[in-house]
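Please treat every number below as a calculation from the coordinates, not as lab data. Quick caveat: nothing in here was measured; it's all calculated off a predicted structure. Methodologically, a virtual Cβ is constructed for each residue, glycine included, from the backbone with ideal geometry; neighbour enumeration extends over all protein chains shown.
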Amino acid sequence: MSAALLGLGMGGAGTVANAAGLPDRGDRACSQPMLRASVTHIPNSDGAGHTGYQVNLKNVSPESCRMAGFPGVSVVGHGDGTQIGQPADWSNSPAGQPKVLNPGATATAKINAVNIDENGGILGADCKAVKADGWRIYPPNDTRALYAPYPGLWACSSDVVWLQVTQMNPTS
């Protein structure tokens, strides 16, 4: 895979200084050590058996970085980070260009989920619903995950795909 596809080594605009006092152009790809993850429910997103969540990846490092692409998203549980069921499918959206994520800024993606309850929601017994602990989020093009706790989350433990995620969108 080329460096351009990974969002590495690409020049960019920006005048933020890094820890060494040199101009920080956001040439590095955003990676797990630079980010903090959270997942929130999107208000008024429930309808037709579905609900929406938002993945939030905040740049907590002192340097700008570049981000583009899809996050890896799955639900974990059993008190030990075990993946429950299938990971999220990627939505059919056009490829985005890498964007700079400045220190303190957040990139977001939307999760469209089948609304699951203890009975499996509209999927019923095919879902094999279990209580989950939270979300495992892989930043785009990174193999190191972040954990976002989410009390009260139900998940399908079967091979039914019930999650779909959009590409990350740096918001500020």
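Couple of notes before you dig in:
- Residue exposure sequence - Ile84, Ile42, Ile116 - by fewest surrounding Cβ within 10 Å: Ile42, Ile84, Ile116
- Taking the Cα centre of the stretch 24-170 as reference, the dipole from Cβ charges on Lys and Arg (+1) and Asp and Glu (-1) amounts to some 480 debye.
- Furthest towards positive pole of dipole, Thr143, Trp162, Thr106, structure part the stretch 79-172, Cβ charges: Thr106
- Counting every other Cβ atom within 10 Å of each residue's Cβ, Glu63, Glu118 order from fewest to most as Glu118, Glu63.
- Each Lys or Arg adds one and each Asp or Glu subtracts one; over the other residues with Cβ under 12 Å from the Cβ of Thr51, this totals -1.
- Calculated diffusion of the stretch 24-170, Stokes-Einstein form, Kirkwood radius summed over Cα pairs, 37 °C and 0.692 mPa s, µm²/s: 211
- Listing Asp80, Asp117, Asp133 from fewest to most neighbouring C-beta atoms within 10 Å gives Asp80, Asp117, Asp133.
- Modelled label reach - Ser31, point 7 Å along Cα→Cβ, the stretch 134-161 residues with backbone N closer than 16 Å: 138-146
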